[in-house]
Amino acid sequence: MTNPLDNIRVVLVGTLYTGNVGSSCRAMANMGIRHLRLAAPNLQNSWEEGERMAVHATDVMESREEFATFEEAVADCVAVVGTTAREGLYRQHVKAPRDCAADILALAAQGPVAIVFGREDKGLLNEEVAQCTHLVRIPVDEGYTSINLSQAVLITCYELFTASGRYEPPHEKAPPAPQAQKMQLMKNWSEMLCEIGFMKPVQAEHFMQGFHRVFSRGVFTRDDAALMLGVARQARWAAAKGGNTENG
């Protein structure tokens with residue numbers, strides 16, 4: 001099956017600093033996106049900083065494509081997704097990256113899709129926004145809306161990667177315990193607690209209700225934690241005494 005992430009083209013427009021390019025390459029590589037385009041770059045420093053910030057993603061940076069204009073950089077793309085933090089009349093149809101990631105990937109299954117990021121100091125120009133087929137805005141607190149270029153690349157690429165379903169979370173190798181095994185555990189646990197003196201046999205029914213709760217949902221409340229800490233303290237005390245004891 002074709003990986004739609006292979007058709008994503010991250011396009012940086014008018015970028016000023018190679019460090020931001022390098023950091024963006026690292027963010028892209030983290031999310032399985034490896035095609036970078038620079039449109040009309042206006043770099044103010046050497047590539048040494050870019051290489052340092054790219055870390056192990058220098059191959060993404062070295063294989064970048066450079067174009068003289070924005071139009072050339074997106075000419076072969078079936079969709080052009082612009083990112084913008086600005087408000088405005090022609091920017092009102094923006095969506096959060098998470099809300100449109102699936103649609104973007106569906107388009108990427110048919111051909112190259114450009115994800116466009118503007119200049120560090122002033123973003124995308126109105127005439128560039130006008131050429132975008134989609135607009136996205138990363139949700140942020142209204143008290144501070146400025147996001148570093150590479151951070152914006154990372155967040156947007158993360159949403160695409162997550163929506164692609166390529167990440168498989170780790171899972172338990174062992175199957176769930178059957179009820180009979182759980183009840184045997186509780187029986188042995190009850191006997192052990194009596195042996196170390198944590199409780200007396202006549203108290204078992206009361207105490208074991210608490211342990212049933214802990215074993216079914218985990219240590220969740222202060223009472224749960226206190227119960228388990230009590231067992232630990234009594235077990236250590238019994239071990240130090242080297243024999244059976246009774247809780248006084």
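Based on what the data block shows, is Asp76 farther than 20 Å from Ile155 by Cβ, in contact with a Pro (Cβ under 6 Å, 6 or more places away or on another chain) and at pLDDT 95 or above? Here the answer is yes, as Asp76 does meet what is asked. Can you pull out every residue in the range 189-204 that is surrounded by 10 or more Cβ atoms within 10 Å (Cβ to Cβ) and either in contact with a strand residue (DSSP E or B) (Cβ under 7 Å, 6 or more places away or on another chain) or outside any loop (DSSP other than H, G, I, E, B) (or both)? If the condition is that a residue be surrounded by 10 or more Cβ atoms within 10 Å (Cβ to Cβ) and either in contact with a strand residue (DSSP E or B) (Cβ under 7 Å, 6 or more places away or on another chain) or outside any loop (DSSP other than H, G, I, E, B) (or both), then Trp189, Ser190, Glu191, Met192, Leu193, Cys194, Glu195, Pro201, Gln203, Ala204 are the ones that fit. Just so you know, in the range 117-134 the residues that are touching a helix residue (DSSP H, G or I) at 6+ places or on another chain (Cβ under 8 Å) and of a type in the set (A, V, I, L, M) include one that is surrounded by the most Cβ atoms within 10 Å (Cβ to Cβ), and it is Val129. Considering only residues in the range 1-37 that are among the aliphatic types (A, V, I, L, M) and under 15 Å from Leu124 (Cβ atoms), the one that is surrounded by the fewest Cβ atoms within 10 Å (Cβ to Cβ) turns out to be Leu16. Being crowded, with 22+ Cβ neighbours inside 10 Å, within 22 Å of Arg119 (Cβ to Cβ), touching a residue at least 24 places away in the same chain (Cβ under 8 Å) and not acidic (Asp, Glu) is a property that does not hold for Ala40. The set of residues in the range 137-175 being at pLDDT below 90 and surrounded by 14 or more Cβ atoms within 10 Å (Cβ to Cβ) is empty. Considering Glu72, Glu49, the condition of being surrounded by fewer than 16 Cβ atoms within 10 Å (Cβ to Cβ), under 21 Å from Leu16 (Cα atoms) and among the charged types (D, E, K, R) is satisfied by Glu72 alone.
Remark: pairs (first residue in the range 144-160, over 17 Å from Ala57 (Cβ atoms); second residue in a loop (DSSP other than H, G, I, E, B) and of a type in the set (Phe, Trp, Tyr); Cβ separation under 9 Å; 6+ apart in sequence or on different chains) are absent.
The values are calculated or read from the model by the stated rules, or taken from the named source; none is laboratory data. The model shown is predicted, which means the values in this text are computed figures rather than measured ones. Neighbour counts run over all protein chains shown; Cβ positions are idealised from the backbone, glycine included.
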